[in-house]
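The values are calculated or read from the model by the stated rules, or taken from the named source; none is laboratory data. Nothing here was measured: the structure is a model prediction, and the numbers come from that model. Here the Cβ is made from the backbone with ideal geometry for all residues, glycine too, and neighbour counts use every protein chain on show. We work out accessible area using only protein heavy atoms, side chains counted, and drop any ligands, DNA or RNA first. Shrake-Rupley method; radii C 1.70, N 1.55, O 1.52, S 1.80 Å.
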Amino acid sequence: MNAETAVARARDIATNVIGPQAAANDREGRFSTDAVRALGESGILGLLLPAKVGGSQLGPKEFAEVTANLAEADPSVAMVFVMHVLGAGAIAAAPDGAHVRPVLEEIARGRHLSTLAFSEVGSRSHFWAPVSRAARDGAGVVISARKSWVTSAGHAQSYVVSSLSPDGVGPTESTLYLVLADAKGLSVAGAWDGMGMRANAAAPMTLDRCGVGPGMQLTRDGGGFAAMMETVLPLFNLGSAAVALGICRAVVSATTNHLKHARFEHLGASLGESLPTLRAQLATMQIETDGLAARVDDVVGHLVHPNDLTTLRVLEVKAAAGETAIEVTSLAMRTCGGAAFSKQTGIERFFRDAHAGVVMAPTADVLRELIGKALLGLPLF
Ligand SMILES: Cc1cc2nc3c(=O)[nH]c(=O)nc-3n(C[C@H](O)[C@H](O)[C@H](O)COP(=O)(O)OP(=O)(O)OC[C@H]3O[C@@H](n4cnc5c(N)ncnc54)[C@H](O)[C@@H]3O)c2cc1C
C-alpha cells in the first residue's frame with residue numbers, strides 16, 4: 001500500500017464506517033469494533049511495519065495524515081489507532097532473539113490490535129517510572145502490576161507492558177514486555193466511563209503474577225526507558241497532535257456548516273451573514289487549526305530528518321496541540337451557542353474528546369517542565 005492509497009482508505013473508513021457510528025458509540029461508551037476490523041482489512045494496522053513482515057513501511061507523514069482523518073470522524077478511534085501503532089512499533093523494535101515475528105505478521109494481516117500499558121496507579125502520569133517490578137522466573141519473568149489506563153483494554157490482542165527490571169536500581173530502570181491478551185493473570189480491572197474518548201475502552205488492567213517468556217521481552221533489561229523516550233514518545237506526541245488536528249478540523253467544518261444554515265428568520269439571514277463576532281470567532285478557529293497543521297508538518301520533517309531541534313519540537317507539538325484543540329473546540333461551542341450545547345451539531349463530543357490530549361502522559365504540564373529544563377540545559381529526568 002502506498003501513501004496515497006493509505007490516506008484514501010482511511011478517509012473512506014472514516015466516512016463510511018467510523019462517522020456513522022461515532023455518536024452512538026460515544027453515548028453508549030462502546031468500543032469501535034467495526035472500525036478496528038475495517039482498519040485491519042484495509043491494511044492500515046500494518047501502516048508503519050517493515051515490508052519484511054508484510055507491513056506497508058510508511059512513515060510519520062502517512063501516520064499523521066491517517067490519524068487526523070480518523071480523528072475528524074471519531075477521536076476515540078484515532079487514539080486506538082495511535083496506541084496500536086506505538087505498540088506495534090515497540091514490538092518491531094525488539095532485539096534479535098525475541099519471538100515476535102508471528103505477532104508482527106498478524107498485525108500486518110490486520111488481525112491483531114496492540115496497545116501500550118505503561119501508566120500505573122502508583123506513579124500516575126509519570127509513566128517513565130513504573131512502580132511494579134518484574135521478578136525472574138526461570139528464563140522469563142512474572143509481573144504483578146496495576147495499570148491505571150489502557151486504551152483498548154479487553155479488545156487488544158496484545159499489550160506492551162512496562163515494569164521495573166528484576167535487577168534495576170533506579171526508578172527508570174524498566175523493561176518492556178509483550179503480554180498476549182490470553183495470558184494467565186491478565187485482566188481488565190474496571191469499566192471505562194470517561195468524560196470524553198468514551199469509545200476507546202481506556203480501562204484499568206491488572207497483571208497478577210503474569211508470566212512472560214524470554215522471547216516476549218521487547219528491550220534488554222533496563223532498556224525500557226530508552227525505548228519509551230526514543231521509539232514511543234516521538235510518534236506518540238505526533239499522533240496526539242494529529243488527533244488534535246482532526247478534532248480542530250471537524251469543529252471548524254461543523255461550525256461553518258452551522259453558521260451557513262442556521263437562520264434568524266426575523267432578519268432574513270443566516271447566523272454567519274448576520275453576526276461579525278461569529279465570523280471573527282470562526283476565523284480564529286481556522287487560524288489556530290492551520291497553525292497546528294503547520295506544527296504537525298514541521299514535526300514530521302524533524303522525524304524524517306532529525307537535527308538539534310528535533311527533541312524540542314517533539315516536546316512542543318503535543319503541549320501546543322492539546323491546548324489548541326481545547327481552545328478551538330471551546331470557540332466552536334460558544335460560536336454555535338445553544339445548538340452546540342444541546343448536541344445538535346456534534347461539536348460537544350469533540351469538545352469533550354479534546355480534553356484528553358493534555359492529560360494523557362506526557363501531560364502538557366510535564367512537557368512544559370521538560371521544555372524549560374531543555375532550554376536551561378538541565379537534565380530532563
Ligand atoms: C483517554 C485516556 C486514554 C489513556 N490511554 C492510556 C494508554 O493507552 N496507556 C497508558 O499507559 N496510559 C494511558 N492513559 C493514562 C495517561 O497517559 C495518564 O497517565 C493519565 O491520564 C494521568 O492521570 P493522573 O490522574 O494519574 O494524573 P496525575 O499524575 O495525578 O497528574 C495530575 C496533574 O498533575 C500534573 N503533573 C504531574 N506531574 C507533573 C510534573 N512533573 N510537573 C508539572 N505538573 C505535573 C499533571 O499535568 C496533571 O495536571 C490514558 C488516559 C486517558 C485519559
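Being of a type outside the set (A, V, I, L, M) and more than 20 Å from the chain's Cα centre (by Cα) is the filter; apply it to the range 132-150 and report the residue that is farthest from the ligand (Cβ to nearest atom). Going through the qualifying residues, I end up with GLY138.
Restricting to the range 191-222, count the residues that are basic (Lys, Arg) and either in a helix (DSSP H, G or I) or touching a Gly at 6+ places or on another chain (Cβ under 7 Å) (or both).
2
Please go through (1) assigned to a helix (DSSP H, G or I); (2) away from the ligand (no atom under 13 Å from the Cβ) for MET83 and return the number of the only condition it doesn't satisfy. For MET83, the exception is condition (2). Being buried (at least 19 other Cβ atoms within 10 Å of the Cβ), over 13 Å from the mean Cα position of the chain (by Cα) and either modelled with pLDDT of 95 or more or aliphatic (A, V, I, L, M) (or both) is the filter here, so list the residues in the range 334-353 that pass it. Residues satisfying the conditions are THR335, CYS336, ALA340, ILE347, GLU348, ARG349, PHE350, PHE351.
For the range 109-131, the tally of residues that are away from the ligand (no atom under 11 Å from the Cβ) and closer than 25 Å to ALA364 by Cα stands at 1.
GLY154 meets the stated requirement of being in contact with a strand residue (DSSP E or B) (Cβ under 8 Å, 6 or more places away or on another chain), more than 12 Å from the ligand (Cβ to nearest atom) and on the phi > 0 side of the Ramachandran plot. Only one of the numbered conditions (1) within 20 Å of VAL82 (Cα to Cα); (2) in a helix (DSSP H, G or I) is not met by PRO362, and that is (2). Among the conditions (1) more than 15 Å from the ligand (Cβ to nearest atom); (2) in a helix (DSSP H, G or I); (3) over 20 Å from PHE127 (Cβ atoms), ILE247 misses just one, which is (1). Out of curiosity, is VAL66 part of a helix (DSSP H, G or I) and within 16 Å of the ligand (Cβ to nearest atom)? No: the conditions fail for VAL66. Pairing residues of the range 354-367 that are open to solvent by 20 Å² or more (accessible area, probe 1.4 Å) and more than 7 Å from the ligand (Cβ to nearest atom) with residues that are not in a helix (DSSP H, G or I) and not aliphatic (A, V, I, L, M), at Cβ distances under 6 Å and at least 6 apart in sequence or on separate chains, gives HIS355/GLY196. Hey, could you check the range 13-35 for residues that are farther than 13 Å from ALA199 by Cβ and touching a residue at least 24 places away in the same chain (Cβ under 8 Å) and say which is most open to solvent (accessible area, probe 1.4 Å)? Out of the qualifying residues, it is THR15. Note on the range 180-232: residues that are within 15 Å of the ligand (Cβ to nearest atom), within 20 Å of the chain's Cα centre (by Cα) and not small (Gly, Ala, Ser) amount to 14. Look at GLY122 and say whether it is part of a loop (DSSP other than H, G, I, E, B), open to solvent by less than 20 Å² (accessible area, probe 1.4 Å) and within 20 Å of PHE381 (Cα to Cα). When the stated conditions are applied, GLY122 does not pass them.
In the range 41-58, which residues are open to solvent by less than 20 Å² (accessible area, probe 1.4 Å) and more than 15 Å from LEU113 (Cβ to Cβ)? The answer is VAL53, and nothing else.
Output the residue which, of all residues in the range 151-179 that are in a strand (DSSP E or B) and not hydroxyl-bearing (Ser, Thr, Tyr), is nearest to the chain's Cα centre (by Cα). Among those residues, the one meeting the criterion is VAL160. The set of residues from the range 336-353 being part of a helix (DSSP H, G or I) and away from the ligand (no atom under 16 Å from the Cβ) comprises GLY337, GLY338, ALA339, ALA340, PHE341, ILE347, GLU348. Can you tell me which residues in the range 305-351 are within 18 Å of THR363 (Cβ to Cβ), without any contact (Cβ under 8 Å) to a residue 60 or more places away in the chain and of a type in the set (Gly, Ala, Ser)? Residue satisfying the conditions is ALA319 alone.
GLY170 satisfies every condition listed in (1) more than 16 Å from the ligand (Cβ to nearest atom); (2) touching a residue at least 40 places away in the same chain (Cβ under 8 Å); (3) open to solvent by 10 Å² or more (accessible area, probe 1.4 Å) except (2).
Do we find that PHE225 is open to solvent by 40 Å² or more (accessible area, probe 1.4 Å), closer than 21 Å to ARG124 by Cα and part of a helix (DSSP H, G or I) in this structure? Spelling it out, PHE225 is indeed open to solvent by 40 Å² or more (accessible area, probe 1.4 Å), closer than 21 Å to ARG124 by Cα and part of a helix (DSSP H, G or I).
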